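Below is one structure, written out as structure tokens, with a few remarks after it.
Nothing in this text is a laboratory measurement; each read-out follows from the coordinates by a stated rule. What you see is a predicted model, and the numbers here were worked out from it, not measured in a lab. Glycine gets a Cβ as well: all are built from the backbone with ideal geometry, and neighbour counts include every protein chain shown.
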Amino acid sequence: AQTVTQSQPEMSVQEAETVTLSCTYDTSENNYYLFWYKQPPSRQMILVIRQEAYKQQNATENRFSVNFQKAAKSFSLKISDSQLGDTAMYFCAFRGFGNEKLTFGTGTRLTIIP
Amino acid sequence: EAGVAQSPRYKIIEKRQSVAFWCNPISGHATLYWYQQILGQGPKLLIQFQNNGVVDDSQLPKDRFSAERLKGVDSTLKIQPAKLEDSAVYLCASRVQGSGSPLHFGNGTRLTVT
């Protein structure tokens, strides 16, 4: 069974700074997908960024980018020029190729300080 | 595109009572999921439907939880009888077929069992 670990329960950073959230996972599969979701107080899970394991290039979405290290089974999220609206819970998630189930980590509570 | 709709937004019941949650996925999304998110934890999959068939219900406490998706569109999740430990946010998600497609989540229902 796949497991996803987020070792930082809480983080805080000053507005406009850069922050990196960590995620590691365990799987025996070679092809899979990794996701970062954001959950603000409204509770809706919002997709931030997605990475396909067969792609060597790290995914980027505007201020959000990932550092995907397949051999180390590491998938960190970097938020550049952080904004107050980035304050939320962030969840790392794993889905196997051809497997519909999405497995989440325990989350990191990120607070952006004005 | 309209998002995943869930109701009610909040529900408070006493233990041993029954409760039902409703979900309307995004139009055309064949796969539907129910997740349970206990405070401070990541979402845990309860059940997954492909059209109106169950794909995975291995973590659904079947002695008290039930779910259906009769016409392959809307879905209901029921708890009967509720226990204190069922207090959580219940999230519904859907996605189109295709291994790389992300899940789209609703705003969830916050259940409090007293």
Legend entry - Inter-part distance where the stretch B:71-114 and the stretch A:35-113 are each reduced to a Cα centre, Å: 21 Å
Inset, instruction - Using Cα positions and a limit of under 12 Å, work out the aspartates and glutamates in reach of B:Lys44, with same-chain residues fewer than 8 apart set aside. - result: B:Asp57
Inset, instruction - Can you figure out the FRET efficiency of A:Asp26 with B:Lys83, using R₀ = 35 Å and their beta-carbon distance, to the nearest 0.05? - result: 0.70
Inset, instruction - From other protein chains only, count the Cβ atoms within 10 Å of every residue's Cβ in A:81-93, then give the mean. - result: 1
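Enter the mean number of other protein chain beta carbons within 10 Å of the beta carbon of each residue in B:39-46, as an integer. Spell out each step's value before the answer.
Numbers: counts 0, 5, 4, 13, 9, 2, 5, 0.
Mean partner shielding for this stretch: 5.
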Legend entry - Shielding by other protein chains, A:63-76, mean Cβ within 10 Å: 0
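Kindly rank A:48-56, A:86-94, B:56-64 from highest to lowest mean number of other beta carbons found within 10 Å of each residue.
On the way: A:48-56: 15.9, A:86-94: 22.7, B:56-64: 13.4.
Result, highest mean Cβ count within 10 Å first: A:86-94, A:48-56, B:56-64.
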Inset, instruction - For chain A, just say rounded, prolate or oblate: build the C-alpha gyration tensor, square-root its eigenvalues into a ≥ b ≥ c, call rounded for a/c under 1.5, and beyond that prolate if a/b exceeds b/c, oblate if not. - result: prolate
Legend entry - Packing rank of B:21-28, A:5-12, where each peptide gets the mean count of other beta carbons within 10 Å, highest leading: B:21-28, A:5-12
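Sorted from fewest to most neighbouring beta carbons within 10 Å, what does the list A:Thr3, B:Thr31, A:Thr108 look like?
Numbers: A:Thr3 11, B:Thr31 19, A:Thr108 22.
Listing A:Thr3, B:Thr31, A:Thr108 from fewest to most nearby Cβ atoms yields A:Thr3, B:Thr31, A:Thr108.
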Inset, instruction - Binning at 5 Å from 0, report for the stretch B:5-113 what percent of all alpha-carbon pair distances ends up in each bin. - result: 2, 13, 24, 26, 19, 10, 4, 1, 0
Legend entry - If the convex hull is drawn through the Cα atoms of the protein assembly as shown, its volume per residue in Å³: 124 Å³
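Output the relative contact order of chain A, whole-number percent, from Cα pairs under 8 angstrom with separation of 6+ residues. Intermediate values should be presented prior to the final figure.
Working: 279 pairs, mean separation 43.0, N = 114.
RCO, chain A: 38 percent.
Taking a ≥ b ≥ c as the square roots of the eigenvalues of the Cα gyration tensor of the stretch A:41-88, is the shape rounded (a/c under 1.5), prolate (a/b larger than b/c) or oblate?
Values: a/c = 2.37, a/b = 1.84, b/c = 1.29.
In terms of gyration-tensor shape, prolate.
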